[in-house]
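Notes for the one structure printed next.
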Amino acid sequence: MSSFIATATNRAPIEWREKAYETCDRDSYMTDCAIALLAGLGVASFASPIAGVAVGAFLVKRMFDKESRKQQCKDLIVQTGLVAPFLDGHEFQDFVAQAGAEATYQELKFADDRGLELSDQAWELIEEYERHNPQAKLAPAIKAPVTPPQIDTTPPQIQPALPEPVQPAPQQKPGINVAEVMTSGEFVISRLIIGASRTGKSQLASDGLGYIRLRYGTSVTIYYLSAGFIAEEDGRYWQMCDRVSGFYFPDMSDAGKRLAYKGWSKLIEEFTAIPSNVEQPKILVIDELNSAISTAMRLGSEEANLFVQAVKGKLADVSSMGAKRGVSVWGLAPTGAMGDMGLTKANVSAMNPVFVAQIPSASPGWNETVYQTAKTNGLAPRNPPTQDVIDECESLRLTRIVGAGGKWLPLAQSPKIAEQFGLAHA
């Protein structure tokens, strides 16, 4: 392993994932387009227009295949935390030095089993590792990358203006920390978290927002609105938010709801006025999105209509490269019906949906109705979880799974990040 020499200090897991994501993005889509066009024109000028079109079409197809592979790599980074196969040069060497040869080997084999193209550097490590550890060739296929034991998993310290963070209790059961993975990357992206009642939507969103708060400190602004808020149950989830405005609509009169919409419209106006960029993002969280929107449309009052238009304005923002301007919306809903949430297909794509469910043996268990509705609207994987995924969940003594990017994963126990913060603002 003499060729693998560390050249940098240790990085946290989230930083390694960002590096891997950046590596996937290095190839230029526009450059490929230009090459395809010029090649086609060149052949057309020296041979024939038909030949030129054929060459250009072939190169464009290769370009789209390349983009498809790039997206597959990004999905694996987000869904599994895979890093090593996407690093090169000194960054690959640093990862090996920090994570160790065994952990790196497992990640590379995991990628190779799924048909990913590996670099010469990666194959050099695989060959050298198997030469020193012949039994590795006989090991069963790896189901998911193993978190490198040498990597420091301590979350970054928040700025002094926030309470001193307490380290989360170690997870009692293994599994992928979906909340941390889905909030890694260069940008804070929008999320739409769908799942039947009591499946853990709020906890997953809370953990994700907690990681964002730990990462950005006071540089991130988080506003939370809810149409199904019960303070005794829900208050503990949103302690990292700057503003919390929650009501329990089932117990309110129409007059009370109109007042709620009036207040929410002002909060969204206030949220809109806050400057944002990649380093200083802002997030609007709307819990029970379906109830908030469908009730407003039923009321049809001026206050309710203003709220609906304000939300649609934010959804339009995030559908138009909002993350690169530091603007994102997180929606939570127990239904996958787009009409109830006021969403379009463009909104759904921009909000990166995550479907949360319980395995059949849990209580209350798998909800087929919610899944089918969500699947129809592109909010859940096309196929239900396989028995292998369910068996893996049960072997880890976990009861919940998440579907994202067309794949299903066991949902690890919550690290309960929100407990690190003080009381949410009223």
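The values are calculated or read from the model by the stated rules, or taken from the named source; none is laboratory data. Just so you know, these numbers come straight off a predicted model, no measurement behind them. Every residue, glycine as well, gets a Cβ built from its backbone with ideal geometry; the counts of neighbours run over all protein chains shown.
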Residue hits (segment 81-102; crowded, with 21+ Cβ neighbours inside 10 Å and not in a loop (DSSP other than H, G, I, E, B)) are Ala84, Pro85, Phe86, Phe92, Asp94, Phe95, Val96, Ala99
Do we have any residue at all in segment 376-395 that's of a type in the set (Val, Ile, Thr) and crowded, with 20+ Cβ neighbours inside 10 Å? no
When Arg382 is run through (1) assigned to a loop (DSSP other than H, G, I, E, B); (2) of a type in the set (D, E, K, R); (3) free of Cβ contacts under 8 Å to residues at least 12 places away in the same chain, the failure sits at (3)
For segment 213-244 the number of residues that are among the aliphatic types (A, V, I, L, M) and either surrounded by fewer than 20 Cβ atoms within 10 Å (Cβ to Cβ) or more than 19 Å from Ala179 (Cα to Cα) (or both) is 5
Selection from segment 362-379 of residues in a loop (DSSP other than H, G, I, E, B) and farther than 21 Å from Arg191 by Cβ yields Ala362, Ser363, Pro364, Gly365, Trp366
For segment 360-371, state whether one or more residues are at pLDDT 90 or above, surrounded by 22 or more Cβ atoms within 10 Å (Cβ to Cβ) and in contact with a strand residue (DSSP E or B) (Cβ under 9 Å, 6 or more places away or on another chain).
yes
Picking from Arg236, Arg191, the residue that is at pLDDT below 95 and more than 17 Å from the chain's Cα centre (by Cα) would be Arg236
The one condition Pro334 fails out of (1) closer than 21 Å to Leu204 by Cα; (2) surrounded by fewer than 18 Cβ atoms within 10 Å (Cβ to Cβ); (3) in contact with a Lys or Arg (Cβ under 8 Å, 6 or more places away or on another chain) is (2)
Ser219: passes all of (1) in contact with a Ser or Thr (Cβ under 7 Å, 6 or more places away or on another chain); (2) small (Gly, Ala, Ser); (3) modelled with pLDDT of 90 or more but (1)
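Yes/no matrix, rows are residues, columns are (1) in contact with a Leu (Cβ under 7 Å, 6 or more places away or on another chain); (2) under 20 Å from Thr183 (Cβ atoms); (3) hydrophobic (A, V, I, L, M, F, W, C):
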site	(1), (2), (3)
Ser361	no, no, no
Glu368	no, no, no
Gln372	no, no, no
Thr376	no, no, no
Ile390	no, no, yes
Arg397	no, no, no
Val402	yes, yes, yes
Leu409	no, yes, yes
Gln420	no, yes, no
Sole miss for Asn352 among (1) farther than 18 Å from Leu204 by Cα; (2) out of contact with any Pro (no Cβ under 7 Å at 6 or more places or on another chain) is condition (1)
When segment 283-313 is checked residue by residue, the ones that are surrounded by fewer than 21 Cβ atoms within 10 Å (Cβ to Cβ) and within 23 Å of the chain's Cα centre (by Cα) are Lys312, Gly313
Counted residues in segment 245-284 being in contact with a Ser or Thr (Cβ under 8 Å, 6 or more places away or on another chain), over 16 Å from Leu299 (Cβ atoms) and not aromatic (Phe, Trp, Tyr) come to 11
query = Is at least one residue of segment 379-388 of a type outside the set (A, V, I, L, M, F, W, C) and on the phi > 0 side of the Ramachandran plot?
reply = no
(message) Residue under question is Gly403, and the condition is that it be in a strand (DSSP E or B), within 22 Å of the chain's Cα centre (by Cα) and assigned by TED's automatic domain parsing to the domain that holds Ala196; does it hold?
(response) yes
Checklist entry - Is segment 407-421 home to any residue that is over 16 Å from the mean Cα position of the chain (by Cα) and in a strand (DSSP E or B)? => result no
In the set Ser328, Ser265, Ser319, the lone residue that is among the polar types (S, T, N, Q), on the phi < 0 side of the Ramachandran plot, surrounded by 15 or more Cβ atoms within 10 Å (Cβ to Cβ) and touching a Gly at 6+ places or on another chain (Cβ under 7 Å) is Ser328
